[in-house]
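Here is the structure we will look at.
The values are calculated or read from the model by the stated rules, or taken from the named source; none is laboratory data. Please read these numbers as outputs of a predicted model, since none were measured by experiment. Virtual Cβ from ideal backbone geometry, glycine too; neighbours counted across all protein chains shown. We work out accessible area using only protein heavy atoms, side chains counted, and drop any ligands, DNA or RNA first. Shrake-Rupley method; radii C 1.70, N 1.55, O 1.52, S 1.80 Å.
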Amino acid sequence: MTNRDSPLIRGREALEAQECATLAPYAQKSAESSGRKHREPLHPYRTEYQRDRARIIHSRAFRRLEQKTQVFLSGTADHLRTRLTHTIEVASISRSIARALALNEDLAEAIALAHDLGHAPFGHSGESELNRLMRGHGGFNHNQQSIRVVEVIEKKYPEFPGLNLSFEVLEGLRKHASPPGPAAGGAIPAVYQPSLEAQIANLADEITYYSHDLDDGLDSRLIEPAQLDGLEVWRHSHDEVRRDFPRLAGPELNGYVIRCIIDRQVQDVISNSAAAIAASGVQSVEEVRRKRRPLIRYSPGLRTANRALRKFLYANLYYNPGVAIMNRRACRMLRDVFTLYIRDPSLLGRSTGRRVHREGLERSVCDYLSGMTDGYLLDEYVRLFGEAAPAGCPKLPRKR
């Protein structure tokens, strides 16, 4: 008897059978995956989406998220979110929603773990700067770059570039549906939405950055609780917490309010998505893809309240002078390094230099810069220009 035949071991076939027995009919089953660009033998112990999750976690791009900016430059304070902690939080919320709706947790988590792999250093400010620098050369968008990371840039296997992720994970990263191929008779099926698991990861990202960026804003004192009284999202949970725990105050009160905001958002998405799925009558993944509107959704009231929260965060946190000035200085360094690389490509790393003839100089430089952590870019600026970072930029600790 082989190890795979032991009654103590659950192989891939048993895991796939469990999915078929326990997941909803419109859930994306691992055994029904449309496969990968490069065909590979199936794994004896892991489903397709479990393999995807492992490949993402073991990628270099995933590890570099630890020192990439979420809102505050990486290294600003130990407890503020980085791009990695944000990603882990998105994955956690994705699994919770998928589990409650009897959908594929592994697929939702894999999409969540990969959704920011292409993010530039210095957060959305760095992304905007790279997009400006790449004007006329295809631009830069972190969602598209995440696809590029997992399909082209990562080098883990001798037979092919990228991570060779499943069609369904790639579909989730693109945030829209695209048919895996012609249906019977050669017709391309009409598709409008990705899988429900992809829709979950997309909304979980929103839930996470709304609540946790607000949490970091409060912790950093760039936002004061009194400013939040006019926001329904805050007021609803704050009043609940004050009623149940009248002695709670200060950071402990704020932290518990944030926890309650997240819980309310997740419960709202679960209940409203369940109602939308039931009303739609879908019974398969193919029927989900043919729906013109996402079925994973907030209630109308919470969607309106979240729009007000988003507007508040842009006005009071993302464009706060304390954050914006630091980001502008960091983006100046990004611009200077980009310009120097274009002028003298010999300064690029060896593997990037080899890609120039195939990908073009500007795209190769963009790939190289977007993969850098905040700290590495600061070090590279000092190396190339022989001077300290511009005044006001933090001296980020490098982890070695």
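Tabulated values for the structure
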{"read-out": "Pair list, Cβ < 9 Å and 6+ apart or interchain, from segment 79-104 residues that are at negative phi and open to solvent by less than 20 Å² (accessible area, probe 1.4 Å) to residues that are of a type in the set (D, E, K, R) and part of a loop (DSSP other than H, G, I, E, B)", "value": "ARG83/LYS68; ARG83/ASP116; HIS86/ASP116; THR87/ASP116; VAL90/ASP116; ASN104/LYS29"}
{"read-out": "Cβ pairs under 9 Å, 6+ apart, first in segment 146-163 and in contact (Cβ under 8 Å) with a residue 60 or more places away in the chain, second of a type in the set (Phe, Trp, Tyr)", "value": "LEU163/TYR157"}
{"read-out": "Cβ pairs under 6 Å, 6+ apart, first in segment 41-54 and under 20 Å from ALA198 (Cα atoms), second open to solvent by 40 Å² or more (accessible area, probe 1.4 Å) and not hydrophobic (A, V, I, L, M, F, W, C)", "value": "ARG51/HIS43"}
{"read-out": "Qualifying positions in segment 281-334 - under 23 Å from the mean Cα position of the chain (by Cα), surrounded by fewer than 12 Cβ atoms within 10 Å (Cβ to Cβ) and charged (D, E, K, R)", "value": "ARG293, ARG307, LYS311"}
{"read-out": "Test for ALA226: is it part of a helix (DSSP H, G or I) and open to solvent by 20 Å² or more (accessible area, probe 1.4 Å)", "value": "yes"}
{"read-out": "Failed item in (1) over 23 Å from the mean Cα position of the chain (by Cα); (2) open to solvent by 20 Å² or more (accessible area, probe 1.4 Å), with TYR209 passing the rest", "value": "(1)"}
{"read-out": "Residue in segment 125-136 that is among the hydrophobic types (A, V, I, L, M, F, W, C) and either surrounded by 24 or more Cβ atoms within 10 Å (Cβ to Cβ) or farther than 28 Å from SER351 by Cβ (or both) present", "value": "yes"}
{"read-out": "Single match in ARG235, ARG259, ARG243 (criterion: open to solvent by 80 Å² or more (accessible area, probe 1.4 Å), within 17 Å of ARG310 (Cα to Cα) and modelled with pLDDT of 95 or more)", "value": "ARG235"}
{"read-out": "Elements of type helices (runs of 4 or more DSSP H) contained in segment 1-72, each with 2 or more residues being closer than 25 Å to LEU117 by Cα and either touching a Gly at 6+ places or on another chain (Cβ under 9 Å) or open to solvent by 40 Å² or more (accessible area, probe 1.4 Å) (or both)", "value": "48-57, 60-64"}
{"read-out": "GLU109 being assigned to a helix (DSSP H, G or I) and within 19 Å of ALA201 (Cα to Cα)", "value": "yes"}
{"read-out": "Cβ pairs under 8 Å, 6+ apart, first in segment 272-291 and within 11 Å of ALA24 (Cβ to Cβ) and outside any helix (DSSP H, G or I), second open to solvent by 30 Å² or more (accessible area, probe 1.4 Å) and modelled with pLDDT of 95 or more", "value": "VAL282/TYR26; VAL282/LYS291; GLN283/PRO25; GLN283/TYR26; SER284/PRO25; SER284/TYR26"}
{"read-out": "Which numbered condition PHE122 fails, given (1) on the phi > 0 side of the Ramachandran plot; (2) modelled with pLDDT of 95 or more", "value": "(2)"}
{"read-out": "Which numbered condition ASN143 fails, given (1) more than 13 Å from CYS366 (Cα to Cα); (2) surrounded by fewer than 21 Cβ atoms within 10 Å (Cβ to Cβ); (3) in contact (Cβ under 8 Å) with a residue 40 or more places away in the chain; (4) of a type outside the set (D, E, K, R)", "value": "(3)"}
{"read-out": "Selection status of ARG148, surrounded by fewer than 24 Cβ atoms within 10 Å (Cβ to Cβ), under 20 Å from LEU377 (Cβ atoms) and basic (Lys, Arg)", "value": "yes"}
